[in-house]
Amino acid sequence: MIDFRTVGQDPAPDCYGRLRVRTAGLSPARWLSEPTPGAFGTVAGVAAPGFEAYARILHPAALDELPVRWSTVAAAHGSRLTPDAQWHEVVGLDRDYVNASEYGLPGVWDEHPAEGPTPPAVARALLPLLARHTRTPERCWFGLWNGYGRWDFDRFPSFATPGRDEVLLSGTLTDAVSPVSLDEFAELPDLWWPEDRAWCLGGDVDLVSTYVGGSPALIAELLSAPELEAHPVAAGDTVG
């Protein structure tokens, strides 16, 4: 994963939706910046090390702008969906999608899964599940890669995670989806964690999955949630 800057950015606002951009005091994120050898490109590198269990939540594909599960796509393509499956493998393309002139399968899917941090619809489904597994849903922290979107966040301090520099934001758990009120195409934060660190959610500009580390009870609930397509993964697994 390589950082890059977009051109023509506007100055970043002090509030990203209802999330407050922190101008000083990055100590709440210090635990995420501690060196973890070999974490780059792994589940622990995205969703923080040290949790008892982890889940991978797949960003849905779409057909006529309606969500389509990877399992549906895999069945239609005759491929096998495993917890570490890569999207291009599921649909029979190479990693850079260069071996097909057209994408999609009529009647099954016509849009690839959203690449980037958690899509708003998935985030909204996660909110009540995550809230049940923290004592501090009203005090949460968030990391936003400072290379996203049209806003220039360089005037704010940042903290490092494997492969990224993140701006620190604060708010309630439900505020996590509020950036879309600023702009419908605004990226949600890559990282979410409550004050009590009961769990950590992580995503990335290059991924079509969101990862959550937490207690076995939380992960079991994520895996059984009908509105999510989730698989169990381990801290050292490669992300996709």
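The values are calculated or read from the model by the stated rules, or taken from the named source; none is laboratory data. Remember, it's a predicted structure, so these values are computed and weren't measured experimentally. Ideal geometry is used to build each Cβ from the backbone, glycine not excepted, and the neighbour counts take in all protein chains shown.
Structural remarks
- Odd one out for Ser71 among (1) crowded, with 16+ Cβ neighbours inside 10 Å; (2) under 28 Å from Ala176 (Cα atoms); (3) among the hydroxyl-bearing types (Ser, Thr, Tyr): (1)
- Elements of type strands (runs of 3 or more DSSP E) in the range 11-89, at least 2 residues being in contact with a strand residue (DSSP E or B) (Cβ under 6 Å, 6 or more places away or on another chain) and at pLDDT below 95: none
- For the range 104-137, filtered to residues that are among the β-branched types (Val, Ile, Thr) and out of contact with any Ser or Thr (no Cβ under 9 Å at 6 or more places or on another chain), the residue that is surrounded by the fewest Cβ atoms within 10 Å (Cβ to Cβ) is Thr136.
- Cβ-Cβ under 6 Å pairs, at least 6 apart or on other chains, the range 186-205 side on the phi < 0 side of the Ramachandran plot, far side assigned to a loop (DSSP other than H, G, I, E, B) and of a type in the set (A, V, I, L, M, F, W, C): Cys200/Ala48
Every residue, every condition in (1) part of a loop (DSSP other than H, G, I, E, B); (2) of a type outside the set (A, V, I, L, M, F, W, C); (3) closer than 22 Å to Gly240 by Cα, yes or no:
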position	(1), (2), (3)
Thr118	yes, yes, yes
Leu207	yes, no, yes
Tyr211	no, yes, yes
Leu223	no, no, yes
